[in-house]
Amino acid sequence: MEKQYIVVCDDEYDIRKLMKEIIEDEGYSVITAANEDELLTAIKMHSVFLVFLDIILENENGMDILARLKKDYPDIEVIIITGHGTIDLAVKATKLGAFDFITKPLKIDYISQSIKKIMYVNSLKNENKMLKQKTFIQDEFIGESDEIKKIKDLVKVVGQSDSKVVIYGENGTGKELVARLIHINSHRANNRFVELNCAAIPATLIESELFGYEKGAFTNAFSQKKGLFELASTGTIFLDEIGDMPLEMQAKLLRVIQDGKFTRIGGVETITVDVRIIAATNKNLEEEITKGNFREDLYYRLNVIPIYIPPLRKRKEDIPLLIEYFLSKLKNNNELRIKSFDPDALEVLKSFPWPGNIRQLKNIIDRINILNPSDVVTREFVSSILEGKTQIDIDSYNEADLKSLRESYEKEIIMSRLKKFNFNITKTAQSLDIERTNLYKKLKRYGIQLNGLEE
């Protein structure tokens, strides 16, 4: 885990020295600062979790500094140091976000207890955060098919090791989600999960993204930048679409995998990192090796544990569960407009090949929720969505509002149902899950003639 620091900010040298000795004796790493500039430099250069801040610094107001700190760095706890402890001061400091305050002369036991309280509170926050994250991600990985159950079991096992993983699957199958699941089931879960899409970054920029650069390394390199490997140290780096990484970068990646060391662009210092690597691809890497697009030695380094995510068309039994999940998300956001799907409508969705997989299914459900003309989603409407008819209709209503579009589809669906039930009003109303009187009103509204209709 990244080294954590405590900063003591006081304009009196003796106080800084004394507190540094007290805190270091407790086993913590300490940086001292005499003013706000030195304090901010320490925070920018190191991972700081606690600041002891004197309320009165030379030519500076500690309360103002406290307010700025809590605004810009809300996760850093602040304990105020004062020689004039009053109730009013304590209340004001607390309102500004201070965790506690201590008075001079300093008491060793009180300093120690204050730090321990913060460590305990932070541990609870991290535990709660991880629990929420783990629950959220596990809830997102929807499916009860045999293939998905096997993947869920495998993820738990793989998470306990640091072995490299390659996740195979078509676009939209949830490769990143599986990578995140592996991370939160590992001992690295409290550390960073950093990702890079190798296909989305120009080949000329991948090296600087992965390894960073020094100030002046090239034009516009006005300051030092840490790369993703450095940022992910003690955590996990996820290299999505690894099959699209340029060959030159593959060689450099191989060296990092072999010894965990690299140098920033324009730098001379060798940086050592401890990173777990998870990669993903929608390509057959063995075929890419044959074509000369992927290094064989890199393949064997990465492909320690392969995980194959099936396309949605091969786990159709999961489609109703996914739909239910997407609808629950809409409901939680107060955006749900539909109440249910006809069984026939669900069968249409299950039989569709879903070339875009789960991502496409989500988009279709969102579209159905917006455009469906009634509470119940029908087979005809789902078919019109999947066949792309909605795009033609929408274009023809390029000046229309949502109400006009919905009414257009409602009329189309009613006409389709009337024909299906040989213009029988009762059966048509039942199939639409509306009252017969309501159906009559809609027929009148849309100018649908009643001649020849049966009761």
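The values are calculated or read from the model by the stated rules, or taken from the named source; none is laboratory data. Keep in mind that what you see is a predicted model, and the values were worked out from it rather than measured. As a convention, Cβ positions derive from the backbone with ideal geometry for all residues, glycine included, and neighbour counts pool all protein chains shown.
Observations on the structure shown:
- In segment 29-62, of all residues being at pLDDT 90 or above and part of a loop (DSSP other than H, G, I, E, B), the one that is nearest to LEU96 (Cα to Cα) corresponds to ASN35.
- Residues satisfying the stated conditions in segment 341-363, i.e. in contact with a Ser or Thr (Cβ under 8 Å, 6 or more places away or on another chain) and of a type in the set (Asp, Glu): ASP342, ASP344
- Residue that is assigned to a helix (DSSP H, G or I) and surrounded by 17 or more Cβ atoms within 10 Å (Cβ to Cβ), where the choices are ILE80, ILE6, ILE65: ILE65
- Filtered residues of segment 4-35 (kept if out of contact with any strand residue (DSSP E or B) (no Cβ under 6 Å at 6 or more places or on another chain) and charged (D, E, K, R)): GLU12, ASP14, LYS17, GLU21, ASP25, GLU26
- Within segment 256-292, if we keep just the residues that are without any contact (Cβ under 8 Å) to a residue 24 or more places away in the chain and among the aliphatic types (A, V, I, L, M), the residue that is nearest to PHE238 (Cα to Cα) turns out to be ILE289.
- Of VAL166, VAL194, VAL121, VAL157, all but one fail to be modelled with pLDDT of 90 or more, among the β-branched types (Val, Ile, Thr) and either loosely packed, with under 14 Cβ neighbours inside 10 Å or out of contact with any Leu (no Cβ under 6 Å at 6 or more places or on another chain) (or both); the exception is VAL157.
- The residue that is farthest from TYR300 (Cα to Cα), among those in segment 151-208 that are in a helix (DSSP H, G or I) and touching a Ser or Thr at 6+ places or on another chain (Cβ under 7 Å), is HIS183.
- Which numbered condition GLN258 fails, given (1) polar (S, T, N, Q); (2) in contact with a strand residue (DSSP E or B) (Cβ under 9 Å, 6 or more places away or on another chain); (3) exposed (fewer than 12 other Cβ atoms within 10 Å of the Cβ): (2)
- Take the conditions (1) modelled with pLDDT of 80 or more; (2) loosely packed, with under 13 Cβ neighbours inside 10 Å; ASN372 misses just one of them, which is (2).
- Residue in segment 232-246 that is surrounded by the fewest Cβ atoms within 10 Å (Cβ to Cβ), counting only those that are of a type in the set (A, V, I, L, M) and within 16 Å of LEU205 (Cβ to Cβ): LEU239
- Among (1) crowded, with 21+ Cβ neighbours inside 10 Å; (2) closer than 27 Å to GLY174 by Cβ, the one test that MET249 misses: (1)
- Pairs meeting the criteria (first residue in segment 42-57 and without any contact (Cβ under 8 Å) to a residue 60 or more places away in the chain, second residue among the charged types (D, E, K, R) and buried (at least 20 other Cβ atoms within 10 Å of the Cβ), beta carbons under 9 Å, at least 6 apart or on different chains) are VAL51/GLU77; PHE52/ASP10; LEU53/ASP10; ASP54/ASP10; LEU57/ASP10.
- Screening segment 226-329 for strands (runs of 3 or more DSSP E) wholly inside it with 3 or more residues that are modelled with pLDDT of 95 or more and either touching a helix residue (DSSP H, G or I) at 6+ places or on another chain (Cβ under 7 Å) or assigned by TED's automatic domain parsing to the domain that holds ALA199 (or both) returns the ranges 236-240, 276-281, 305-308.
- Selection count, segment 345-391, where residues are within 19 Å of ARG315 (Cβ to Cβ) and either touching a helix residue (DSSP H, G or I) at 6+ places or on another chain (Cβ under 9 Å) or not polar (S, T, N, Q) (or both): 20
- Neighbours by Cβ (under 6 Å, 6+ apart or cross-chain): first from segment 101-119, under 11 Å from LEU50 (Cα atoms); second surrounded by 14 or more Cβ atoms within 10 Å (Cβ to Cβ) and among the aliphatic types (A, V, I, L, M): SER114/ILE79; ILE118/LEU50
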